[in-house]
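Just below is one structure, and these are the notes that go with it.
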Amino acid sequence: MSLPDTNYILREYLLDQSAITDLVSTRIYCPRAPENAELPNITFFTRGGVSTPYIPDYASPSVQIDCWADDSIEAREIYRALYDSLQGIQDESITVGGTDYLIASAIEEVVGQDLVDTDIPGRFRVLSFWEIIVK
């Protein structure tokens with residue numbers, strides 16, 4: 001077995017969480033939102049992590065996740081739904097493209113930070129970093 005596509009698996013997992021989709025619908029993008037994407041939304045990308053040649057079907061990426069909205073309170077609300085859906089999960093099964101995967105764990109590395117986009121006025125985000133173990 002080869003290294004799992006953790007971006008695809010994470011997106012499918014988030015799309016299955018009604019607490020998140022109630023707020024952003026299917027607007028969950030990797031690695032970034034398309035130009036003029038509707039708010040609110042979530043963007044994420046793998047920024048590093050660990051893999052080992054001795055366990056080829058195991059990946060532990062570090063993922064940056066941004067919760068975007070047009071006001072800081074809504075961005076924080078999306079982050080709280082994300083946190084509740086990910087923090088501390090263990091052995092969460094997910095089937096993607098006919099293949100079964102296991103999200104062995106998800107742990108927040110850095111607590112959500114409230115930020116204002118200086119390039120695009122009226123865009124707020126909560127930035128967080130996560131270690132997610134998938135096999």
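No value in this document is a laboratory result; all are computed from the given coordinates. Only a predicted model underlies this, so the values are computations on that prediction, with no experimental measurement involved. Cβ atoms come from the backbone with ideal geometry, glycine included; neighbour counts cover every protein chain shown.
General remarks:
- Some residue of region 64-87 being in a strand (DSSP E or B), more than 12 Å from the chain's Cα centre (by Cα), β-branched (Val, Ile, Thr) and under 18 Å from Thr21 (Cα atoms): no
- With respect to being outside any strand (DSSP E or B) and within 15 Å of Ile132 (Cβ to Cβ), Leu10 fits the description.
- All conditions but one from (1) under 16 Å from Val134 (Cα atoms); (2) exposed (fewer than 15 other Cβ atoms within 10 Å of the Cβ) apply to Thr118; the one that does not is (1).
- Of the residues making up region 2-38, those that are surrounded by 18 or more Cβ atoms within 10 Å (Cβ to Cβ) and in contact (Cβ under 8 Å) with a residue 60 or more places away in the chain number 7.
- For region 13-23, a residue qualifies if it is outside any helix (DSSP H, G or I) and of a type in the set (A, V, I, L, M), but none of them does.
- For region 24-46, the set of residues classified as more than 14 Å from Ile65 (Cβ to Cβ) and either charged (D, E, K, R) or not in a loop (DSSP other than H, G, I, E, B) (or both) consists of Glu35, Glu38, listed by residue number.
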